[in-house]
Amino acid sequence: MSRQMNHAVTQFNKGRFAVCEAAVKKILKNDPGEMESAARMLLVKSLVAQDRREDAKEAGRLFLSEFPASIYLSDVYWAFGDLFINERSFDSAFRYYIMARSQASGGQSIQELDSRIVKTLQLKPGLHVISELLSTQSDIQTRSVLFLSRAAAELRLARPDDAALSLAKVEPHLVSDPFLELYENLLLASYRPGMTQATIAIVAPLSGANSDDG
């Protein structure tokens with residue numbers, strides 16, 4: 001069975017996602033035993049890679065209901081993030097990438113997830129989603145990522161004072177490489193003095209023949 005699983009993984013890594021799916025389904029059909037969670041995770045990933053969204057959602061739902069404490073939970077959340085990017089549901093994608101990050105154990109996986117999170121921030125996920133995740137995530141490194149994300153959203157909304165407060169909660173030594181450039185730019189932007197403003201009075205008619213112009 002392990003040889004079949006290795007074959008499925010190899011096909012996935014080579015971009016042969018349909019072949020991977022066929023191999024995984026063969027494994028699941030033949031009583032996979034302790035390899036079932038790994039096989040179902042790979043099925044979700046192969047379906048997402050083929051952009052078969054409804055099939056992927058159903059496979060992901062089954063995985064989460066049957067293996068809620070699996071070591072592959074991060075991989076499935078990650079796959080959901082990719083799926084929602086394909087659907088242009090950027091709030092949902094951001095949410096699942098953060099959830100995947102909080103469950104990830106390997107350093108390389110976290111670096112790759114952080115790169116995805118930085119790119120997703122460019123797609124402007126809502127401030128409400130970031131605030132929601134800050135209320136549920138306890139991992140200190142993930143919270144630093146969320147405070148950075150919140151600062152970026154706040155600056156986008158022209159709220160530099162709020163952004164400065166969010167940045168003050170970031171632990172600099174926990175900022176991963178993919179976030180360093182963003183962190184630098186946010187710090188510079190939050191320290192930049194506000195633009196000089198001026199008020200200009202305009203006298204215009206609000207009634208009479210020229211009211212439309214006014």
Checked Ser70, Ser135, Ser144 against criteria (open to solvent by 30 Å² or more (accessible area, probe 1.4 Å) and either under 15 Å from the mean Cα position of the chain (by Cα) or free of Cβ contacts under 8 Å to residues at least 40 places away in the same chain (or both)); the one match is Ser135
Does Val129 fit the bill of being at pLDDT 95 or above and among the β-branched types (Val, Ile, Thr)?
yes
Do we find that Leu62 is among the hydrophobic types (A, V, I, L, M, F, W, C), surrounded by fewer than 24 Cβ atoms within 10 Å (Cβ to Cβ) and in a helix (DSSP H, G or I) in this structure?
-> yes
By residue number, the members of the range 1-40 that are surrounded by 15 or more Cβ atoms within 10 Å (Cβ to Cβ) and of a type in the set (Ser, Thr, Tyr) are Ser37
Among residues of the range 94-132 being of a type in the set (Gly, Ala, Ser) and within 17 Å of Leu73 (Cβ to Cβ), the residue least open to solvent (accessible area, probe 1.4 Å) is Ala100
Subset of the range 14-57, residues part of a helix (DSSP H, G or I), over 20 Å from Phe80 (Cβ atoms) and free of Cβ contacts under 8 Å to residues at least 12 places away in the same chain, comes to Val19, Ala22, Lys29, Glu34
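The values are calculated or read from the model by the stated rules, or taken from the named source; none is laboratory data. Note that the structure is predicted; figures quoted are calculated from it, not measured. No Cβ is skipped: glycine too gets one built from the backbone with ideal geometry, and neighbour counts run over all protein chains shown. For the accessible areas, the whole protein counts, side chains as well, though only heavy atoms, and no ligand, DNA or RNA atoms are used. Shrake-Rupley method; radii C 1.70, N 1.55, O 1.52, S 1.80 Å.
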